[in-house]
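Data first, discussion second: the structure below is written as structure tokens.
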Amino acid sequence: MVQYRLVSGPHTHGGESSSRLMYLVMLALTPVTLYGLYLFGVPAALVWLVSCVTAISVEWVLLRWRGVSERSAFDGSALLTGWLLALSLPPSAPWWVVVLGSTFAIAIGKQAYGGLGQNLFNPAMLARVMLLICFPVELTDWRAVSPLRLAEHGLQASDAWLGVDAITAATPLAHDTSTQSMGSLFFGHHAGSFGETSSFLLLLGGLFLLWRRVINYVIPLAVLLGILVPAAIAYTLAPNSFLPPMVHLFSGASFMAAFFIATDMVTSPASAKGQWLFGIGTGLLMFLIRSFGNYPEGAAFAVLIMNGTTPVIDHFLRPTVFGTRRKLASRGQA
């Protein structure tokens, strides 16, 4: 009897695995992560470590419980989810909040839908919103930056950097800090979430992903335009009531959402037209939530809302299948 080895087509591919793509994204996030550790010190390091270890551990336990190979826990997807969640949290978030959020991201945001590639919502942002709703005090406790300093006897760490004591500070999205220089906003020497302060480093990471073709330009550009255009219009009409457009662009999670969150292949549309609509909708919602909502940052809410519209967008704006009668008619061949 002839034994056939059955495989599914297509039989040619670009050589990139999902695991490799995950690790490329994490490589792009490394500069902004190191910068966050430089600004906030030991508390930020604990947030990152607890979030990542919890994500991998919960993934391993749930895969084993489901009877699936536990090796998938180390394919990079769980680690990336924990990493993104950590970067979106205040650097002083309590460890138990981080554990709860990372567990929720994997268990409810990912595995409850069937695992990698099946989830409707971005797991990290789903956990971020859950934590913000349940623990608003802990999730809005912004600490002033306290970077390492070069002294006579070498690097000097403050008590706040070591996690002993710290003072709170407002983020640039607060109206009373809108006079901050654009350079300070762009390079990120200000209070904020662990990994969302430096738009410059996030932009470098995003450009790296574009260069490696992990993402394309459509969603990042659409998200940034979706924020910038309405912010510019609002500021022009009522400068005393709205923040300058550059503050919206260079503050908070704008670049994080544009390059690392909204571009999630699983939860974003497949077609170029759909991606334009998705990105512009995400940016517009971020501006509206920041300007009229009760939360200073609207990235997570905006991304989740647009994640929910992705199936509808894909239904109405899906690409035409090559060779169909409609495609041939459009080319004058039918």
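Here are some notes:
- Only one of the numbered conditions (1) surrounded by 18 or more Cβ atoms within 10 Å (Cβ to Cβ); (2) out of contact with any Lys or Arg (no Cβ under 8 Å at 6 or more places or on another chain) is not met by residue 65, and that is (1).
- Failed criterion for residue 85 (all others in (1) touching an Asp or Glu at 6+ places or on another chain (Cβ under 6 Å); (2) modelled with pLDDT of 95 or more hold): (1)
- Every listed requirement among (1) in a helix (DSSP H, G or I); (2) over 20 Å from residue 127 (Cα atoms); (3) touching a residue at least 40 places away in the same chain (Cβ under 8 Å) is met by residue 83 save one, (2).
- Scanning segment 226-262 for residues that are modelled with pLDDT of 90 or more, surrounded by 24 or more Cβ atoms within 10 Å (Cβ to Cβ) and part of a loop (DSSP other than H, G, I, E, B) yields a single hit, 262.
- When 293, 308, 298 are checked against the criterion of being crowded, with 20+ Cβ neighbours inside 10 Å and either at pLDDT 90 or above or within 23 Å of residue 247 (Cβ to Cβ) (or both), a single residue qualifies: 298.
- Scan of segment 231-264 for residues that are touching a helix residue (DSSP H, G or I) at 6+ places or on another chain (Cβ under 8 Å) and free of Cβ contacts under 8 Å to residues at least 12 places away in the same chain, ordered by number: 235, 241
- Leading residue by the ranking (surrounded by the most Cβ atoms within 10 Å (Cβ to Cβ)) among those in segment 202-223 that are assigned to a helix (DSSP H, G or I) and under 14 Å from the mean Cα position of the chain (by Cα): 223
The values are calculated or read from the model by the stated rules, or taken from the named source; none is laboratory data. Not measured: the values here are computed from a predicted model. Please note: Cβ atoms are built from the backbone with ideal geometry, for glycine as well, and neighbour counts cover all protein chains shown.
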